[in-house]
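K.L.:
The structure follows.
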Amino acid sequence: MYVVSRQTAKLIDEYTINTIGIPSVLLMENAGEKIFESIKSKGDKYIVFCGIGNNGGDGLVIARKLFIFGKDVKVIVINFGTKKGEEFITNLNVIKKLNIEIKEINKDSDFNKELIDDIKNSDIVVDSIFGIGLNRRIDGVIYKVIESINTYSKYVISVDTPSGIDSNSGEVLGIAIKANETYTIENVKIGFVRYDAFEYLGKVKVVYIGIPDSVKEKFNEKVSFLHRYEYKKMIPIRKVWGHKGDYGKVMLIGGSPGFSGAAYICAEAVVRSGAGLVSLLTDLNTQQVLSNKLIEAMTVNYEEQDRINNLLETCNVIACGPGLGVSDDKYDILNRCIKETEVPIILDADALNILANNKELLSLLKNRSVITPHLGEFSRLSGYSIEEIEKDRVNLAKRYALQHDVIVVLKGYNTIITDGYEVVINYTGNSKMASGGMGDCLTGIIASFVGQGMSKFKAAILACYIHGLAGDKASKDKYSVSATDIIAELPKIIEEAIIS
């Protein structure tokens, strides 16, 4: 499922219409038909607010089909300009000939109590005022209309994008429709992944209106949500004759006095997501705390040099950071792992803080590391403020990954995973997972999948999906979940993803 900018969405439309030869009015009819089919059973009384462009034309098609289907329909046309689109005019003429009730809003005085009553009395408000082209702040009578819809409507459905949302940045342009559902056309819009936009989108559904996949691929910006079957294809299949040596030797570095839990969670996640052998390198105190708990993982302390040497020689992936601490000796062990091995390294938590304070290490991590920062950690690494990152997570993560030749997993709602060339946006997981240890768990899953032979990029993509999917399952009928709840679900979730 492609994610596109406003400019690319327009290029796709233009190429489909002008080069492929599919008429714009047919695409509009298809959009209206698909949305009508999805919303026709949601109520009896519908009020459809239309602008005068193609988005408004989509709304007119929806209104016509609802009317023919026997619904009570009113159309409100908001004349915010003098130039009506040709396809809009065609559909408006049909609406008039069918004697569907139409009201026009041209000026402030056209906004009155009767309109507010219409909104209150409707079951469903359809918002097709502005599409993806909006790039100016909303004011005047349109502001009042949107404010009234937000205040008095029972249920709102937006066409392509909630009116008032900048489809590129996700910014609210003065005011925006708070939709219960958004039916976006053909592609998710890049602004939808900005946090500011989330509360306005409601549930997002993609409507396919007949634009060929070859056209979308031609203008592919390499940003996407993946389908379930694409994740299924990534999962390592275990051989009938497989043994523990076939599924990776994972070395973890983490834990410190007071932070043994982070290392424990990470190690358990590695084990439960299928790695063959797991060894935790930690301090003596933490080793003593965890030795009796980590019965399926080996533990090594920093004084055991021969065992450390053996680990560095035999492991095929290293995960470093959970509960590690940032003292000089922790820098030394990270530096040693980077310089004395050539295996992939997954960096999280304190390893990222060490990296932020010792950026010379970045040049040694090219083409071999996955970093898993949250917004604060990414800010320290990149130098961007958290506010800057929130406004442009996709591009800033992509830019950093390309500049430093690392895989970036920028954690948060709709986690961003990028190698600098492609971006995958994860859609599993929920806010019930907002608790300590979740990042440690994710790091363990990534390390496990790399150890089992996956590429770093695919391992990061799949791990985020599985981690979130486990969270979705564990949190069903619960107010909140812990990292250990997620870990308990991992083997079942991975197997269910294989056989689904």
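The values are calculated or read from the model by the stated rules, or taken from the named source; none is laboratory data. In this text, all values refer to a predicted model and were calculated from it rather than measured experimentally. Quick reminder, even Gly has a Cβ in these numbers, built from the backbone with ideal geometry, and neighbours come from all protein chains shown.
K.L.:
From the list 238, 272, exactly one residue is in the same structural domain as residue 456 (by the TED database), of a type in the set (D, E, K, R) and surrounded by fewer than 20 Cβ atoms within 10 Å (Cβ to Cβ). Which is it?
P.N.:
On the way: 272 fails: surrounded by fewer than 20 Cβ atoms within 10 Å (Cβ to Cβ).
Testing whether each residue is in the same structural domain as residue 456 (by the TED database), of a type in the set (D, E, K, R) and surrounded by fewer than 20 Cβ atoms within 10 Å (Cβ to Cβ) leaves just 238.
K.L.:
Follow-up. Could you tell me whether segment 484-492 includes any residue that is in a helix (DSSP H, G or I) and under 17 Å from residue 413 (Cβ atoms)?
P.N.:
Yes: one or more hits.
K.L.:
Can you confirm whether residue 301 is exposed (fewer than 13 other Cβ atoms within 10 Å of the Cβ), over 18 Å from residue 442 (Cβ atoms), without any contact (Cβ under 8 Å) to a residue 40 or more places away in the chain and more than 31 Å from the chain's Cα centre (by Cα)?
P.N.:
It is false that residue 301 is exposed (fewer than 13 other Cβ atoms within 10 Å of the Cβ), over 18 Å from residue 442 (Cβ atoms), without any contact (Cβ under 8 Å) to a residue 40 or more places away in the chain and more than 31 Å from the chain's Cα centre (by Cα).
K.L.:
For segment 453-485, name all the residues that are touching a Gly at 6+ places or on another chain (Cβ under 8 Å), in contact (Cβ under 8 Å) with a residue 60 or more places away in the chain and under 30 Å from residue 421 (Cβ atoms).
P.N.:
453
K.L.:
Let me ask another. Any idea which of 122, 153, 158 is touching a helix residue (DSSP H, G or I) at 6+ places or on another chain (Cβ under 7 Å) and among the small types (Gly, Ala, Ser)? Walk me through it before giving the result.
P.N.:
Values: 122 fails: touching a helix residue (DSSP H, G or I) at 6+ places or on another chain (Cβ under 7 Å); 158 fails: touching a helix residue (DSSP H, G or I) at 6+ places or on another chain (Cβ under 7 Å).
From the options 122, 153, 158, the qualifying one is 153.
K.L.:
Which of the following residues is under 13 Å from residue 253 (Cβ atoms), in contact with a Leu (Cβ under 7 Å, 6 or more places away or on another chain), touching a residue at least 60 places away in the same chain (Cβ under 8 Å) and of a type in the set (A, V, I, L, M, F, W, C): 334, 311?
P.N.:
Details: 334 fails: in contact with a Leu (Cβ under 7 Å, 6 or more places away or on another chain).
The unique qualifying residue is 311.
K.L.:
Checking the conditions here, which among 104, 87, 114 is assigned to a helix (DSSP H, G or I), in the same structural domain as residue 151 (by the TED database) and surrounded by fewer than 18 Cβ atoms within 10 Å (Cβ to Cβ)?
P.N.:
Only one candidate qualifies: 114.
K.L.:
Among all residue pairs at least 6 apart or on different chains, which show Cβ distances below 7 Å where the first residue, located in segment 134-161, is in the same structural domain as residue 192 (by the TED database) and in contact (Cβ under 8 Å) with a residue 24 or more places away in the chain and the second is of a type in the set (D, E, K, R) and assigned to a loop (DSSP other than H, G, I, E, B)?
P.N.:
134/166; 135/166; 141/107; 150/178; 154/123; 155/42; 155/123; 156/178
K.L.:
Name the pairs whose Cβ atoms lie under 6 Å apart, with the first residue in segment 363-382 and among the polar types (S, T, N, Q), the second modelled with pLDDT of 95 or more and in a helix (DSSP H, G or I), and 6 or more positions between them or separate chains?
P.N.:
372/443; 379/386; 382/400
K.L.:
If you don't mind, another one. Answer yes or no: is there a residue in segment 302-322 that is over 23 Å from residue 453 (Cα atoms) and β-branched (Val, Ile, Thr).
P.N.:
no
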